[in-house]
């Protein structure tokens, strides 16, 4: 399942990242790497608010769709 499909209030572990190049580097810099736990705070038509490593991040749906979670 991709992170973009995750329900608000749910916690997941990142398994893989399908992004390439600069987009992948940007996600990795924010701490969104395989093995990391992510909690979905809220979801809307424009994107998600997630918590990773005690920080809240806003992600576009495209960025969230590139992250495979369990």
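Summary of values
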| quantity | calculated |
| --- | --- |
| Cβ-Cβ under 7 Å pairs, at least 6 apart or on other chains, region 11-40 side over 12 Å from residue 66 (Cα atoms), far side assigned to a helix (DSSP H, G or I) | 12/3; 38/3 |
| Candidate set: region 50-70, residues that are in a strand (DSSP E or B) and in contact (Cβ under 8 Å) with a residue 60 or more places away in the chain; chosen: the one surrounded by the most Cβ atoms within 10 Å (Cβ to Cβ) | 67 |
| In region 28-49, the residues that are under 18 Å from residue 18 (Cα atoms), under 11 Å from the mean Cα position of the chain (by Cα) and not in a helix (DSSP H, G or I) | 30, 31, 32, 33, 34, 36, 37, 38, 47, 48 |
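Let's see how each residue does on (1) out of contact with any strand residue (DSSP E or B) (no Cβ under 6 Å at 6 or more places or on another chain); (2) modelled with pLDDT of 95 or more:
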| residue | (1), (2) |
| --- | --- |
| 3 | no, yes |
| 6 | no, yes |
| 9 | yes, yes |
| 16 | no, yes |
| 37 | no, yes |
| 43 | yes, yes |
| 46 | yes, no |
| 58 | no, yes |
| 65 | no, yes |
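The values are calculated or read from the model by the stated rules, or taken from the named source; none is laboratory data. As the structure is a computational prediction, the values presented were derived from the model and not from experiment. Quick reminder, even Gly has a Cβ in these numbers, built from the backbone with ideal geometry, and neighbours come from all protein chains shown.
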